[in-house]
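Read-outs: derived from the displayed coordinates by stated rules, not from any lab. Because the structure is a prediction, the values reported are computed rather than measured. Please note: Cβ atoms are built from the backbone with ideal geometry, for glycine as well, and neighbour counts cover all protein chains shown.
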């Protein structure tokens, strides 16, 4: 059975209304919605959960204590025959080797790792694991907002990073 996943991270918004309409639409359309941390405000987390199909969430380094105390640092999601690790590696500097993320999943080597923190879109296979960072879900100076869209069909994974057009 084919399953779809929208992956976002680093929204850094104060209110849900600040989230781009394309993101809001996509998380309602796909089978799962993953946020890889750094909501910044609890209402953004709450509305993401409320407005998503099968929301999966982890906290980030910019999230307040009230968020860190209510949601996990890592999650494992099993979709069809694919194991997905989800994290916001707050220990990471601006640049780190992506395979260092394996240390945060000591009991299993995920087939895919969704992660945030760096704000850099990544869609790359390293050591037989697909690493996906959706980038940042808000536009900043010369950097567009991005999200990842993933389709899983049994053991086949199709993923792409999508730039989000500016709000009208």
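Scanning the stretch 83-120 for residues that are free of Cβ contacts under 8 Å to residues at least 60 places away in the same chain, within 17 Å of residue 12 (Cα to Cα) and in contact with a strand residue (DSSP E or B) (Cβ under 9 Å, 6 or more places away or on another chain) gives 87, 89, 118, 120.
Within the stretch 157-164, identify whether any single residue is in contact with a helix residue (DSSP H, G or I) (Cβ under 8 Å, 6 or more places away or on another chain) and under 20 Å from residue 56 (Cβ atoms), and answer yes or no. The answer is no; no qualifying residue exists. Among the residues making up the stretch 121-152, those that are loosely packed, with under 14 Cβ neighbours inside 10 Å and either in contact with a strand residue (DSSP E or B) (Cβ under 7 Å, 6 or more places away or on another chain) or assigned to a loop (DSSP other than H, G, I, E, B) (or both) are 124, 127, 128, 141, 142. Scanning the stretch 50-59 for residues that are more than 23 Å from residue 123 (Cβ to Cβ), without any contact (Cβ under 8 Å) to a residue 24 or more places away in the chain, within 16 Å of the chain's Cα centre (by Cα) and assigned to a loop (DSSP other than H, G, I, E, B) turns up nothing. The residues of the stretch 14-29 that are crowded, with 20+ Cβ neighbours inside 10 Å and not in a helix (DSSP H, G or I), listed by number, are 19, 20.
Under 24 Å from residue 160 (Cβ atoms), free of Cβ contacts under 8 Å to residues at least 60 places away in the same chain and in a loop (DSSP other than H, G, I, E, B), is that true of residue 78? No. Criterion applied to 10, 63 was being part of a loop (DSSP other than H, G, I, E, B), touching a helix residue (DSSP H, G or I) at 6+ places or on another chain (Cβ under 9 Å) and surrounded by 16 or more Cβ atoms within 10 Å (Cβ to Cβ), and the one residue passing it is 63.
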